[in-house]
Amino acid sequence: MANNSGPKSSGARRSAPSPVQKKPLWRRILRGTLIWGSALALLGAIFLGTAVFFTMRELPDYSALKSSQNGQMIVVRARDGRELVSLGPSYGKWLPYDQIPAIMRDAIVSVEDRRFREHPGIDPIGLARAVYVSLTTDHRAKATSTLTQQLARNIFLTNTRSWNRKAREMVLALALERKFSKDQILELYLNKVYFGGGAYGIDAASRKFFGHPATELSTAEAAIIAGLVKAPSNYSPTADVEAAKGRGRVVLGLMAREGVISRSEADGVDFSQVTVAKEKGQNSVRYFTDWALPQLDMLLPENNEPIEVWTTLDPAMQDAATKSIDANVPKGAQGALVSMDRDGAVLAMVGGTDYVNSNYNRATSALRQPGSSWKLFVYLAALEAGYTPGDRVVDEPVTIQGWSPQNDGRNFAGQIDVRTAFAYSKNTVAAQLGNEVGFGTVASMAKRFGITTQINTKPAMVLGTSEVRVIDMTRAFAAVSAGGTSVEPYGITKVTTTSGELLYEHKSVQGQVLVPHYVAAGITDLLQTAVAIGTGRAAQIGRPVAGKTGTTSSNKDGWFLGFSSGITTGVWMGRDDAKRVAGLSGGHAPARAFSDYMKVAVAKRPVEPFDTELKLPEWQLEPDDEAMQGNPEDYYYTDENGNLVHPDGGPDQQPYGQGQVPEGPGYNGGAVPPDYGPQGPQPLNGTPPAAGSDFLDRATGREREDPGLRPGQGAGPYPGPRPTPAPRVIPMPRPTATRIPGTTQP
């Protein structure tokens with residue numbers, strides 16, 4: 001037998017224990033991430049729960065949320081206290097949940113938050129989808145806010161886009177869901193959400209857009225209102241009814257997809273039966289309110305309570321202004337009008353032909369060339385420099401720095417007075433006057449009278465090549481009406497709370513004297529003549545009117561500005577694209593619009609004659625006027641060397657005094673000296689002779705008037721074109737406008 005007690009073979013020996021193998025690195029990282037992630041998630045949940053808990057405790061109760069309002073309501077009143085328009089938010093009747101039409105509730109949930117009944121205030125599925133879209137595409141995530149989040153934002157937050165605001169919005173939404181039921185949240189939402197046009201809540205929206213309470217909403221109307229939340233300005237029925245109906249069809253499609261209504265019901269809704277209510281207050285009054293109300297930011301301290309704004313607008317005048325523009329503006333063109341009282345109160349303002357189609361205010365914002373109405377500043381500068389309305393100038397071809405202005409009609413009147421040159425808007429005379437006083441002086445005069453835009457100083461500037469605003473030009477003419485005193489336009493007289501507390505009241509301020517009284521009187525004389533016999537005859541209204549026309553090249557702009565009985569009105573017409581308007585000129589459509597409006601505006605005011613009396617300063621008195629202040633027998637003058645000269649023509653002799661009798665032929669029955677002519681001085685009984693007309697002509701520098709010219713009025717209307725003389729080239733730098741000898745010299 002074999003012996004089995006011997007040692008075992010090596011294969012039977014116990015193997016040594018193997019070392020412990022480590023887990024893969026990725027598994028360890030994953031495990032650590034899960035542990036830390038869970039810890040952080042737990043901490044986040046604790047933090048979020050704490051934030052929601054304390055936020056919920058601080059939320060107002062349901063009745064307080066119902067009474068809270070968004071935005072500030074502003075009631076705008078006219079000059080007589082009549083309500084013009086109510087702006088800002090409007091709130092309809094609060095509708096409890098069970099009074100809100102079911103179709104309205106279903107429509108808003110389907111389009112804004114289809115998982116409203118399932119989520120806790122924020123939609124995890126929606127958030128996950130938004131994150132995925134952001135990470136996988138370049139498109140920004142959309143529609144991530146639930147109805148509850150939107151409600152929280154509308155009541156407690158702003159629309160500022162930031163992560164901080166979004167986080168606060170989520171916390172508030174979770175708190176709202178913990179404190180209120182789903183029905184309460186939906187009731188709050190539908191009564192407080194903004195639907196556009198100042199309407200907050202479905203009842204306000206229904207009344208605004210369809211003219212009836214929300215309890216009477218049809219399926220089509222409910223779909224339209226539900227579609228407004230996304231973009232109220234884009235889908236507003238009053239702005240674009242077809243876009244609103246198209247959006248309503250999209251809402252019905254979403255409702256059918258969610259099973260709220262059937263597809264056949266959605267397809268059977270007839271949007272052609274929807275009638276949009278006529279929007280109130282969307283007329284030319286809004287041009288005025290758009291200009292006046294932004295001034296509240298400067299007039300009032302920060303204030304969010306409802307207020308009433310009392311304005312200077314006169315409803316009857318505003319209506320007349322609107323009708324005058326509509327009746328006279330050329331087809332395809334636009335029109336603007338500004339009318340001011342003598343203290344600057346804006347009585348009427350029209351910024352265009354249709355506010356609904358275009359709310360751009362051409363009366364206060366548009367920059368247009370004023371044409372010849374700019375000559376107001378040219379002649380103001382000339383009058384201040386020493387010219388008078390009766391001074392004689394020459395309408396003839398002229399070239400200044402290579403520029404040769406032409407008159408309308410390409411003709412020249414020759415010798416005329418300043419009054420006639422202005423009345424018939426002679427471009428060559430305006431160019432000469434501007435060149436004489438200096439184009440910078442004309443620009444300075446315009447700035448002095450309230451022109452706020454940039455002014456060029458090239459020669460052609462005298463014809464109105466610098467762009468201006470209608471309100472600024474009207475202000476300048478109002479300053480002339482005020483006797484050369486500055487006028488500041490204003491539109492708000494006072495502001496009160498709805499309870500009557502006074503927040504602001506306009507204080508009258510004495511205007512600054514812009515030009516001496518005689519300059520204002522002189523320019524008023526010229527403006528009155530322009531309407532009486534000149535280019536502005538169509539602006540006559542049966543009482544004194546002073547004004548000026550303006551027409552730019554190629555008939556792109558037409559102006560008339562003028563005043564009567566303390567009311568100053570400026571009218572502009574033209575196209576927004578600055579294209580030619582056939583037949584447009586300041587003396588036609590704008591002047592007729594001015595006349596139509598002013599007949600209504602001044603109807604209840606007394607007739608006021610203009611003050612055109614020139615009370616000239618002593619340095620500007622005519623020699624004849626100066627002689628009347630001294631001894632009437634002291635007829636003498638000085639020659640170019642400063643020597644005294646008396647009627648006998650002899651130099652270096654004293655003028656005749658009391659009791660002196662001249663010697664020589666022609667006196668005491670002698671022959672008349674040839675220099676004196678047939679009407680020379682004829683002494684009688686030793687009395688010193690009166691100076692003859694020739695002597696006075698030489699003494700005053702006056703020449704005999706052209707028999708064809710009317711004294712004091714110049715040439716007046718001339719029968720027809722005169723022969724065109726050769727252009728007179730004005731040298732630089734300081735020539736003078738052609739003035740006929742015998743006029744006042746500064």
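Taking a point 7 Å from the Cα of Ala532 along the Cα-to-Cβ direction, the residues of region 557-580 with backbone N closer than 18 Å to it are 562-566.
Against the empirical curve 2.2 N^0.38 Å, the C-alpha radius of gyration of region 514-621 lands at a ratio of 1.19.
Efficiency by 1/(1 + (r/R0)^6): what FRET value for Leu300 and Glu242, r their Cβ-Cβ distance, R0 = 30 Å, to the nearest 0.05? The formula returns an efficiency of 0.15 here.
Within 13 Å, Cβ to Cβ, of Leu188, how many net charges do the neighbouring residues add up to if Lys/Arg are +1 and Asp/Glu are -1?
Overall, the nearby charge balance is +2.
When the residues His517, His506, His119 are ordered by accessible surface, computed with a 1.4 Å probe over the protein chains alone, the sequence from largest down reads His517, His506, His119.
Which of the trypsin sites (Lys or Arg not before Pro) found in region 298-390 are in a DSSP loop and have at most 12 neighbouring Cβ atoms, other than their own, within 10 Å?
Sparse-neighbourhood loop trypsin sites (Lys or Arg not before Pro): Lys331.
Listed by chain and number, the lysines whose C-alpha is less than 19 Å from the C-alpha of Lys182, apart from same-chain residues fewer than 8 away, are Lys66, Lys192. Could you calculate the FRET efficiency of Ser38 with Thr498 from 1/(1 + (r/R0)^6), where r is the beta carbon distance between them and R0 is 45 Å, rounded to 0.05? Calculated value: 0.20. Shown here: region 305-461, whose C-alpha atoms stretch 62, 35, 28 Å along the first, second and third principal axes, sorted largest to smallest. Simple spin-label estimate for Ser272 and Thr453 gives 4.9 nm between the two label positions (7 Å along the Cα-to-Cβ direction from each Cα).
Along its first, second and third principal axes, ordered by size, region 299-355 spans 45, 26, 16 Å in Cα coordinates.
Ranking of Trp374, Trp310 by solvent-accessible surface, largest first: Trp310, Trp374 (1.4 Å probe, protein heavy atoms only, all chains present). Pairwise Cα distances in region 444-578 exceed 23 Å in 42 percent of cases.
Counting only protein heavy atoms and using a 1.4 Å probe, the accessible area of Lys615 comes to about 120 Å². When Tyr360, Tyr387, Tyr424 are compared by accessible area of protein heavy atoms, the largest-first order is Tyr360, Tyr424, Tyr387, using a 1.4 Å probe.
The values are calculated or read from the model by the stated rules, or taken from the named source; none is laboratory data. Computed from a predicted model, the values in this text were never measured in an experiment. Heads up, the Cβs are rebuilt from the backbone with ideal geometry, glycines too, and the neighbour counts pull from every protein chain shown. Ligands, DNA and RNA are excluded from the accessible area calculation, which covers all protein heavy atoms including side chains. Shrake-Rupley method; radii C 1.70, N 1.55, O 1.52, S 1.80 Å.
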